[in-house]
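Structure first, then comments.
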Amino acid sequence: METVKVIKNSQTNEIFTKNEGVGKDGKQYGFILVSELNPRQDFESGVVRVLAPRTTAIAFSEESWEKVKHLYTEGKLIPGKIIFEESTEQKGNTKALINPKTEAVLTSGGNPIYRYYKFTQDSSRGDVKLNRDSVSAPVMAGASAESGALS
């Protein structure tokens, strides 16, 4: 099984970061960040590119965090991996993916594509990439080349 490591939030210098406000259930939530141990290589483009390790968040209620925080120290290795799932549904303020060469928004079925990263301990799961339309829409304000939401 692959592993990821727990890292501190560079903005707060803490392992656990509280979300603003409370959830629909009235509880306080937050997250920890995990990162891949090694850079990945992209072979799809025909040229080998080394890509930065993926990073994503794992959510906890504050109550749950208090019970398990001793298990998640900086640098702690956790069995699992980070995958991405693409969707035409926008969640939060996630920006649509763009083609960095043409600056066109990537679309599938005429809809912008959004990428969300998630942590999983299911070794059989892999990235979910949508088929792209052959002609993309013009750039929308705020789109980014590698956008992704913490989920």
Report the label-to-label distance for ASN13 and LEU51 in nanometres (one decimal), using points 7 Å from each Cα along the Cα→Cβ vector.
3.3 nm
With equal scatterers on the alpha carbons only and no solvent term, can you work out the Debye log10 of I(q)/I(0) for the chain at 0.14 1/Å?
-0.80
With SER35 itself left out, Lys, Arg at +1 and Asp, Glu at -1 over residues whose Cβ is under 14 Å from its Cβ give +4
So which residue, out of GLY30, GLY92, GLY110, gets the largest mean-square fluctuation from a GNM of the chain using Cα contacts under 10 Å as springs?
GLY92
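At a 10 Å Cβ-Cβ cut-off, how would you order VAL34, VAL50, VAL128, VAL105, fewest neighbours first?
VAL50, VAL128, VAL105, VAL34
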Listed residues ASP133, ASP25, ASP122; largest mean-square fluctuation, Gaussian network over the chain with Cα springs below 10 Å, found at ASP25
Identify which of SER124, SER35, SER108 has the largest mean-square fluctuation in a Gaussian network model of the chain, with springs joining Cα atoms closer than 10 Å.
SER124
Between VAL128 and MET1, what is the spin-label point distance in nm, taking each point 7 Å from the Cα along the Cα→C-beta axis?
2.2 nm
Rg followed by Dmax, in Å, when the range 20-77 is reduced to its Cα trace
16.7, 50
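Given a cut-off of under 8 Å on Cα pairs at least six residues apart, what relative contact order in percent is computed for the chain?
Relative contact order here is 23 percent.
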Total lysine pairs under 19 Å (Cα atoms) in the range 1-79, excluding pairs fewer than 8 apart on one chain
12
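Computed from the coordinates by the stated procedures, all read-outs in this text should not be read as laboratory data. Note that this is a predicted model, so its numbers are computed, not measured. All Cβ positions, glycine included, derive from the backbone under ideal geometry; neighbour counts span all protein chains shown.
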